[in-house]
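The values are calculated or read from the model by the stated rules, or taken from the named source; none is laboratory data. As the structure is a prediction and not an experimental result, all values here were calculated from the model. Here the Cβ is made from the backbone with ideal geometry for all residues, glycine too, and neighbour counts use every protein chain on show. Remember, those area values only see protein heavy atoms, side chains included, never the ligands or the DNA or RNA. Shrake-Rupley method; radii C 1.70, N 1.55, O 1.52, S 1.80 Å.
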Amino acid sequence: MTVPTIIGTETEFGISVKNAREQDPVAASTLVVNAYKSRNIPSISWDYGQESPMLDARGFTAESEKPPSEDANNSVINDILINGGRYYVDHAHPEYCTPECSNARDLVKYEKAGELILDLSRLAAEQLLLDNQEIIIYKNNTDYKGHSYGSHENYLMSRKIPFPDIVNGLTPFLVTRQIMTGSGKVGAENGADDTEFQISQRADFFEKEVGLSTMVERPLINTRDEPHADSKLYRRLHVIVGDSNMSEFTIYLKVGITAIVLQLIEKRVIGKQFALQDPVAVIKSVSRNLSCKNVYELKDDRKWTAVEIQQAYLELAHKHLSTEERAPIVNDVLEKWEFVLEGLKSDPMSLGHHLDWVIKKKLIDAYIARHGFKWTDPRIRMLDLQYHDLRPDKGLYYRLQKNGHVERILTHEEIVHGVQHPPLDTRAYFRGTCLRKYPNSIHSVSWNSIVFNGSNGFEKIMMERPHFGTQAIIGELLNTCTVDELVDKIRND
Amino acid sequence: MPREKQQEYRDHPSNENEEIQPNPELNENVDDITDDLDALLDEIDEILEEDSEEFVENYIQRGGQ
């Protein structure tokens, strides 16, 4: 019953213009996205007709305005990337979506390529500003004043799994995985208990267990039912509780283990056995428990630490993943998962080259030890924020990376490659290659369709299976065909 | 977490100088990794935004998703 792994992430970035007369994040985001766009392919629209963000996985449709239809603004705020991803203005943030990836390593490559795209945009946009103005873009999730912006993960799942089973199986995993996937934050927000430093950027913002909203009263499990694929076969699980990560190792682990747990839920080996008494309280408590030693009450009265809950999931993975499901990369993810849980159990600070929150915490600790600052000192908060700065010379994470301080998954060259080349083994290959090859014959694009504008007029090609449209399937056609031939062949296939 | 726990953490020697145990399978380039937080701290005052207080105060975003 499991479906092939397909993963994609969406990142909203914080943005600020130094020495601006007033901060206008919408204008700044539009400037940045357009500055990159002008380097790319002009006038291809995003096709919102394929989207239904208000459909709820529990079976009803929420009331809301329709998404914007095609208008003059569409191509101003949207950029469809030749790596198969998407780059656009969402509310008041630049947002980057990776192309669909078949494994955790590719996901890291394309998420990191997104950081480069944002930085290239920044440089291009700054040409249009006054000399003393400077754009700064942060890959974090908060302004420390109660405004959070998201990092969302998407996983393809089988439609056959009832949504409540996903909620039951996934909730204990999601509220405890932050011990590995948190990016670290100085202070507390949104009325949550005060603390000097916590593991997660986002934990303070989650107020209920299940729901459709992503902007207010955020739920641990989001019910948006918008598969961007054949809705009879698939759902796209939209995970909104994660932090934006700088560490390649952390991103790799985050999406790698989550994809494995979803596979276990599809195999029906995880049910309600790890259900927690109060998961909304647990997510905030776990975030504040830097020793990872607190115990939490399960519904059946067992008391486990976050590490123990994660170890129980890992054990099920070892037990139930079949030989053919254990691709080398899956085995690598399992090894790293085990290594990190062991580290967290003995001494979380031993992971100061691997996990974002520990890297950041150790940096701040060392800074405090040197200068004697208090945790409430603005310089400490500045250090926290600047860890996420995407300027290569100013971003503290990048500086640590340059010094060889952090564990990497990829080389810089691989990441650069991801800026302009789609993954080969998902439908992103078809999308990205068409954009590169036929830029003047494409009218609009969505996740699951391309509208071509060839000599026979508009023709829409649907891509309802995310693991099709690969180089193996369609590479030769794309290499040899004109756009009209391509559309003809696909239509007559 | 209780305050004394945090204190314990801050005072924990591993916060600063402990070398992590290399796991050869996981960290192929562990030899290249040295604990060089100090190298960054030496230059951090030149890297951090000037006037942190004002900068952090003025960093206001609209809520997103």
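What the table below lists for this structure:
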item	result
Simple label model, 7 Å out from Cα along Cβ direction - A:Asp493 to A:Lys208, nm	4.3
Cα-based Kirkwood hydrodynamic radius, region A:171-312, one decimal, Å	15.8
Amide proton proximity set for A:Thr142, modelled H, under 5 Å, gap of 5+	A:Tyr149
Buried accessible area, chains B and A (both chains, 1.4 Å probe, Å² to nearest 100)	5300
Probe 1.4 Å, protein heavy atoms only - accessible area per residue of region A:7-417 in square angstrom	34
Net length gained if the chain between A:Glu51 and A:Lys437 were fully extended (0.36 nm per residue, minus Cα distance)	136.4 nm
Debye intensity ratio in log₁₀ form over the Cα atoms of region A:348-453, taken at each q of 0.16, 0.21 Å⁻¹	-0.81, -1.07
Karplus-derived HN-Hα couplings along region B:46-60 (A = 6.51, B = -1.76, C = 1.60, θ = phi - 60°), whole Hz, x at Gly and Pro	7, 8, 4, 3, 5, 6, 3, 4, 5, 4, 5, 4, 8, 7, 10
Spatial separation of Cα centroids for region A:80-94 and region A:436-488, in angstrom	20
Potential lengthening between A:Asn19 and A:Asp484 on full extension [0.36 nm per residue; Cα-Cα distance subtracted]	162.3 nm
Between region A:202-230 and region A:318-337, the Cα center-to-center distance that results, in Å	29
Residues with amide H under 5 Å from that of A:Ser449, placed H, sequence gap 5 or more	A:Met463
Label-point gap, in nm, between A:Ala472 and A:Arg159 - each point 7 angstrom along Cα→Cβ	2.5
Area accessible to solvent at A:Asp165, 1.4 Å probe radius, in Å²	40
List A:Lys303, A:Lys272, ordered by accessible area with a 1.4 Å probe, largest first	A:Lys272, A:Lys303
Protein accessible area in the protein assembly as shown, 1.4 Å probe - carbon and sulfur %	48
Long-range HN-HN contacts of A:Arg235 with modeled amide H, under 5 Å	A:Met157, A:Ser158, A:Arg159
Note, ³J(HN,Hα) from phi for region A:144-159, Karplus 6.51, -1.76, 1.60, rounded to Hz, x at Gly and Pro	6, 10, x, 9, 10, 10, x, 10, 10, 10, 10, 10, 6, 9, 6, 5
Of A:Lys160/A:Lys336; A:Lys360/A:Lys402; A:Lys160/A:Lys267; A:Lys362/A:Lys402; A:Lys160/A:Lys254, pairs whose Cα-Cα distance is over 19 Å	A:Lys160/A:Lys336; A:Lys160/A:Lys254
Of the DSSP H helices in chain A, those whose Cα atoms cover at least 15 Å axially and whose Kyte score averages 1.0 or more	A:248-266
Relative contact order of region A:105-226, pairs being alpha-carbon contacts under 8 Å that are 6 or more residues apart, as %	15
Span from the region A:382-425 Cα centroid across to the region A:102-124 one, whole angstrom	9
For region A:132-202, convex hull volume per residue from C-alpha positions, Å³	148
FRET efficiency, 1/(1 + (r/R0)^6) with R0 51 Å, evaluated for A:Gln277 and A:Met462 via beta carbons	0.70
Local electrostatic count at A:Leu424 - Lys and Arg +1, Asp and Glu -1, tallied over other residues with Cβ under 14 Å	0
Kirkwood-based Rg to Rh ratio, chain A, C-alpha trace	0.96
Accessible area of A:Ser291 in the full protein assembly, 1.4 Å probe (Å², nearest 10)	10
Sequence of A:Glu464, A:Glu413, A:Glu189 when ordered by accessible area, the most exposed leading, probe 1.4 angstrom	A:Glu413, A:Glu464, A:Glu189
Under Karplus coefficients 6.51, -1.76 and 1.60, residue-wise ³J(HN,Hα) of region A:3-11 in Hz, glycine/proline x	9, x, 5, 9, 10, x, 10, 10, 10
